[in-house]
Structure formats: structure tokens, C-alpha cells
Amino acid sequence: MIDFRSLTDEFKTPLYIYDLDYMTEQYNKLKEAFKGRKSIVAYAVKANSNLSVVQHFAKLGSGADCVSIGEVRRALKAGVPAYKIIFSGVGKSDDEIREAIEKDILYINVESEAELGRVEMIAKELGRVSRISIRVNPNIDPKTHPYISTGLHDNKFGVDLNSAKRMYIMANNSAHLDPVGIHFHIGSQLTELTPIRESAEIVADLVRSLATIKIDLKFFDIGGGLGIRYDDETLIEPYDYAQAILGCLTALDLTILCEPGRFLTANAGYFVSKVLYEKQNGEKKFVVVDGAMNDLLRPALYKAYHKIEAITESQGEKRAVDIVGPVCESGDFFAKDYPLPALNHNDLIVVHSAGAYGFGMGSNYNTRGRSAEVALQGGTAKLIRRRENFEDLIALEEAYLD
Ligand code: LLP
């Protein structure tokens, strides 16, 4: 049991709290599922990029899936070895590509023919050979929220099968490219196995067809996407996930790479706010708290459901309330019509499943400093990012005042 009251007494609110031991358990579950197979878990840094969190996974042996050179630098700083870092994303700049090649990461995940050309040109300029993988878009509906679907042709991600094949042939003929991997990632918060299996089959067939023309890949990168329980979702078991993938790879000697983000961190995280007051507009009841959409954007952006717990002495009957923050937007809510008892000033609201895509999607909108972050491990709490203050917020502008 986490003592939210004493943690917020010490570290104030709004506050992110991460249970690192839970992250370890999730990591081990996934590693265990692929036991007996060469596999790398490459933590998707975007889910929660706090250096201490990334370092925690690095110590467990994790690699890192990065989507900007900033994330690559974070991963290296946190102790992830370069040979376990991959770099994906539809829009890498020349500088980012150059640095990734110089840092000798495991591979650059290429997402278009144009990008392949840039990578080749930059590798040539540097007199290097760049290891690459190609992100294939298998055109499979992942059956998740449209904003987090990525494996359909009308999404911007990856390339179709025919383009991929052409790109592998081109890369194989280049003195500056070494095609080592193949990648797909069809979406996030996946709760159905069939679309994953179908995608893996399509991509494995391409691996086989490449092998017939002597292009032998080493890494089969299945992306991230494993869903978690926000509410009462039925989940994919890691064992079934692994079996489904392995079932597609018969007679192929490939290292499996997976890129989980949410699965490792979401349910390890809590976002805690203090109740400021309650108010009522007509029939509508609101609980106004000190955290806001600039701290945790998911409800506003995706209408995402997060379980909410009230820490209160109140014994009152539950009523349906909207839990809202101080930001000047009607979209600034954590939940609508949520059943909570009458709350008092300084009671706490704990938003669950906030460890993935929480702090990282935060902003300084309304000149609000971002929350502090605290990690719990083996019963001790440690501040891993201090609360932003006003000086932090204006630091980059102050020098330009005349
Ligand atoms: N690999 C690639 C190439 C990705 O694009 C992503 C997530 C992952 C791995 C990790 O996916 P995960 O295991 O966490 O599902 N902000 C949204 C989620 C965006 C996911 C973006 N890509 C949310 O709050 O739900």
C-alpha cells in the first residue's frame, strides 16, 4: 500500500509517483515469456523518459526504443549500451541521423524510401556503414483508439511490403548500409492478439522472401503496444503474445526485439492532486483539484479513462462529479460523472495508471510548472525530478528582455 498522504506531505502536489518494483515485475514477465529465445526488451523511452526510470530498466538489462536524438542521449546517459538502442520515427533530421550513426547504436529504423536515401548519404559522408531496419506497415487494423493506431496505410508510419522489399534490395547493394532488422508496430494499448499475429505472419513472410535473395536479417522487431488494464479490459497475456510471435518464426533464426512502453510503466504510476474545492453549476457538480491537463493530458486528448481514488475522511454517499483542474479550457478534466463522496479542501485525488504518457506529455500551459516526480523502491521514496518553479519557466526568455 502506498501512503499517498505522507508522500504528498513531503513532496507536495501535484505529484507523480512511480513504483519501480512494479516496473521490475512487468519487465521480468515479458523477459520470461520469451525465455529460451534470443530476445531484447527495448523500453520505449517516450512512455516515461525520466532518467531514473530509464536507468532502472537499463540496470535490468533493457535496451531502449527512441524516437528522437534527445531520447537516444537520455538512454545513453541512463546507462543503456549503444548496442541495445534503436532509433525510430517518421521524421529524423540529418543531424539526428548523423549523431545516431556516430554513436553506433544497434540500428536506425527507417520509415520511408526518402529517409533511406538520407541515411545512406550521411553514412557515406561519415565514411561509415549504418545498420538499418525497415518499418513495415502491414495494413492491419489493430482495433484500438484511432489516435494510437499506426499499422494501417492511412497512418503515416512505415512503408508497404513492396516498397520495403525494394528498400532492402537497395540497402543490401549499398556500401554504406547494412540491413539487419525488420520492424512493425501497429498501435498502442492493444488488447487483441489476432492483429498482432497477422502482422507478424505478414512480416515473417517478407523475411523469408528476402532470405531467398540472400538478404539475411538478424532482428525481428515486433514494436510495442501491449495493452494494460485502465478499467476492466481483457488483456493479452505475455506468454500468449510470445507464443503467437514465435509461432510465425518457425525455421527462422532471429533475435526478437520488443519495444514495450505502457506495459512496463503505466500501472506503476500515480498522479496525485489536492482538492481545492467543490462547486456546482446548476445540476452539475465539480471537484476542482490542483493538478491539470498540463500535467496529465490523456483524458483531455483521448477521452481516456483513468481510475480515480479519493483519499478522504468523508463518509458521504457517492455522487457523480466532474474532476477538473485550474487550466482555462473546458477540456481540462480527469474524469466526467465519476462517483465520489463529498470532498473537503486538502483531500487527495489519486489518478491511477499514470506512469505511461503522463508526465512526458505534460506542458507549461498557463505558466504552470510541471509536477515533481518521485520513485518508490523497496519501501523508500526518492525525488527523481524536482518541481518546476517560476524561474525555470522563464529562464530561456529572460535573457532576451530589453
Ligand atoms: N514502438 C513504437 C514504434 C511506438 O511508436 C510506440 C508508441 C511504442 C513502441 C510503445 O508503445 P506502447 O508499448 O507504449 O504501447 N500517447 C499515447 C500513446 C502513443 C504511443 C506512441 N507510440 C497514449 O497516451 O495512449
Problem set entry | Scope the stretch 285-311; condition of a type in the set (A, V, I, L, M, F, W, C) and not in a loop (DSSP other than H, G, I, E, B); matching residues | F286, V287, V288, V289, A300, L301, I308, A310, I311
Exercise. Just one of the numbered conditions (1) open to solvent by 30 Å² or more (accessible area, probe 1.4 Å); (2) under 15 Å from F4 (Cα atoms) is not true of H345; which one?
Worked result: (2)
Seminar exercise, completed: Picked from the stretch 327-337 (must be of a type outside the set (A, V, I, L, M, F, W, C) and open to solvent by 60 Å² or more (accessible area, probe 1.4 Å)), the residue nearest to K303 (Cα to Cα) is K336
Exercise. Of these, S314, S353, which one is in a loop (DSSP other than H, G, I, E, B) and touching a His at 6+ places or on another chain (Cβ under 7 Å)?
Worked result: S353
Exercise. Mind checking whether some residue in the stretch 214-231 is more than 16 Å from the ligand (Cβ to nearest atom), assigned by TED's automatic domain parsing to the domain that holds I40 and assigned to a helix (DSSP H, G or I)?
Worked result: no
Exercise. Can you name every residue in the stretch 50-69 that is polar (S, T, N, Q) and either crowded, with 24+ Cβ neighbours inside 10 Å or without any contact (Cβ under 8 Å) to a residue 40 or more places away in the chain (or both)?
Worked result: Q55, S62, S68
Seminar exercise, completed: Selection from the stretch 1-49 of residues assigned to a loop (DSSP other than H, G, I, E, B) and either open to solvent by 10 Å² or more (accessible area, probe 1.4 Å) or of a type in the set (S, T, Y) (or both) yields M1, I2, D3, K12, T13, P14, K35, G36, R37, K38, S49
For this session: Filter the stretch 125-145 down to residues that are touching a Leu at 6+ places or on another chain (Cβ under 9 Å) and part of a strand (DSSP E or B) and give me whichever is most open to solvent (accessible area, probe 1.4 Å).
Result: R131
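The values are calculated or read from the model by the stated rules, or taken from the named source; none is laboratory data. Being a predicted model, the structure only gives us computed values, none of them experimental. Every residue, glycine among them, receives a Cβ derived from its backbone with ideal geometry; neighbour counts consider all protein chains shown. Quick note on the areas: whole protein, heavy atoms, side chains included, nothing else; ligands and nucleic acids left out. Shrake-Rupley method; radii C 1.70, N 1.55, O 1.52, S 1.80 Å.
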